[in-house]
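Encoded as structure tokens, the structure appears first; notes follow it.
The values are calculated or read from the model by the stated rules, or taken from the named source; none is laboratory data. These numbers come from a predicted model, not from an experiment. Methodologically, a virtual Cβ is constructed for each residue, glycine included, from the backbone with ideal geometry; neighbour enumeration extends over all protein chains shown.
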Amino acid sequence: MVARESESPDQITRLFLSEAQRATSALVGAWMREAGMTVRTDAIGNVIGRYEGGQPGVPAVLLGSHLDTVRDAGRYDGVLGVICAIECIDILHRNGVRKPFAIEIIGFADSEGARFRSTLLASRAVAGAFDTAMLEAVDRDGRSLRQALEHYGLDPTAVASAARSPQEILAYVELHIEQGPILEAEGIAVAAVTALNGMNRFVVEIGGVADNAETVPMNLRRDAIAGAAECILNVERICAAQAPVLGTVGWIDAGHGAANVIPRHVTFAVDIRAQLDELRSASVTQIKQAMRQICRRRGLTLAIDDTYEIASVPCAPGLIKLITGAIAEENLPVRQFPSAAGHDAAALAGLTDVGMVFMRCRGGTSHNPSESVREEDVAVALHVMLRIIDRFRML
């Protein structure tokens, strides 16, 4: 049902603060209420369900993931973790089980950063790390985040109120599809995540001179697209030489050009990830230096806007032990490894201990309509999450 809530009838696209996200949050909120939770929406649009503990007002264990998607997405990235967590609470509620702690489920409003070019905005707000300068960031239509929040019915000046106190949060555990091939290759349904890769994102603008493609000799051209192409290939070359650094140019905008006009302006986004922060930082520096040299040689202007950076994040040893113990109690092989992808857990690590459970997905494919999971794996993940909730008292 969630997959039907999309900005396009032909693909799954739920961007931050869109009407599709509004409908999804309402649907998820209704499921939370049916499972016995009180529900609210915070100042940045996260939908939050709380299942009270044996005593009201006690600190909470946080579960959840994100509800937004990339453009032309799959069905399971993010939302699976939210729905599975709701099902866990529904089972507890139907059996009249209350824990010594509360349980809160968060459906984060922005994780992917597909609209405002900066990822994990919603979870950073919860962690108290939201940068208010982001309120002036604009989407492809020129609408600022400030305007989008107002259109959604939220107060941009109140975003800071989404921040939670460490005293009210015990831990955060996120279930997510692996988005990689390891579990499928090894024939394993679930695993514990040990750490999350660090990441840099920056937007590059290259300016040239528009001119007649029929008359200007090749050696006299200041072609923004040709310069961008060389810069992008250098992202690939530098990251390939620094394996396991991962470098991606996820989108490029050349404006409204014409076949017979030398391009004047190009904008593109670069995403660099690695588990070792020193290696990632060195690669970013090398990439930017190469871009400056390329643009200088070609007579092009260059502007680089650093939109996001986060260091690699280790998962809490106690939560890794908790998760692997839950997996072992299900008589499953115990596997643990770091995540190459970014997740809301990385932002929440600034607030509380974080842990993650990975679930197998077909081909390791994600951010793609062909994203697929096995029903039996979802059942396994659900049982593991229930054991994690049950075992939490042992920490």
Does segment 321-342 hold any residues that are touching a Pro at 6+ places or on another chain (Cβ under 9 Å) and either crowded, with 20+ Cβ neighbours inside 10 Å or under 13 Å from V384 (Cβ atoms) (or both), and which are they?
I327
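For (1) over 17 Å from N331 (Cα atoms); (2) among the small types (G, A, S); (3) surrounded by fewer than 22 Cβ atoms within 10 Å (Cβ to Cβ), each residue gets a yes or a no:
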| residue | (1), (2), (3) |
| --- | --- |
| D344 | yes, no, no |
| F358 | no, no, no |
| G363 | yes, yes, yes |
| H367 | yes, no, yes |
| S372 | yes, yes, yes |
| V378 | no, no, yes |
| H383 | no, no, yes |
| D390 | no, no, yes |
| R393 | yes, no, yes |
Could you look through segment 135-173, keep only residues that are basic (K, R) and surrounded by fewer than 17 Cβ atoms within 10 Å (Cβ to Cβ), and pick out the one that is modelled with the highest pLDDT?
R143
Scope segment 221-244; condition under 15 Å from R296 (Cβ atoms) and either surrounded by 20 or more Cβ atoms within 10 Å (Cβ to Cβ) or in contact with an Asp or Glu (Cβ under 9 Å, 6 or more places away or on another chain) (or both); matching residues
R222, D223, A224, G227, A228, C231
Looking at V378, V373, V334, can you tell me which residue is over 22 Å from the mean Cα position of the chain (by Cα) and either without any contact (Cβ under 8 Å) to a residue 60 or more places away in the chain or farther than 23 Å from R273 by Cα (or both)?
V334
Long-range neighbours under 8 Å by Cβ, at least six apart or interchain, first residue in contact (Cβ under 8 Å) with a residue 24 or more places away in the chain within segment 64-88, second assigned to a helix (DSSP H, G or I) and aromatic (F, W, Y)
I83/W31; I86/W31
Per the filter on segment 128-186, residues of a type in the set (A, V, I, L, M, F, W, C), over 21 Å from the mean Cα position of the chain (by Cα) and within 30 Å of S372 (Cα to Cα) are A185
Would you point out the residue of segment 205-220, among those that are in a loop (DSSP other than H, G, I, E, B) and in contact with a strand residue (DSSP E or B) (Cβ under 6 Å, 6 or more places away or on another chain), that is surrounded by the most Cβ atoms within 10 Å (Cβ to Cβ)?
A210
Subset of segment 68-120 that is over 12 Å from the mean Cα position of the chain (by Cα), modelled with pLDDT under 95 and small (G, A, S) - its residue that is farthest from F202 (Cα to Cα)
G74
Single unsatisfied condition, T365 versus (1) touching a strand residue (DSSP E or B) at 6+ places or on another chain (Cβ under 8 Å); (2) closer than 30 Å to V173 by Cα:
(1)
When you scan segment 118-199 for helices (runs of 4 or more DSSP H) that lie fully inside it, which ones turn up with 3 or more residues that are without any contact (Cβ under 8 Å) to a residue 40 or more places away in the chain and either acidic (D, E) or over 25 Å from I86 (Cβ atoms) (or both)?
145-152
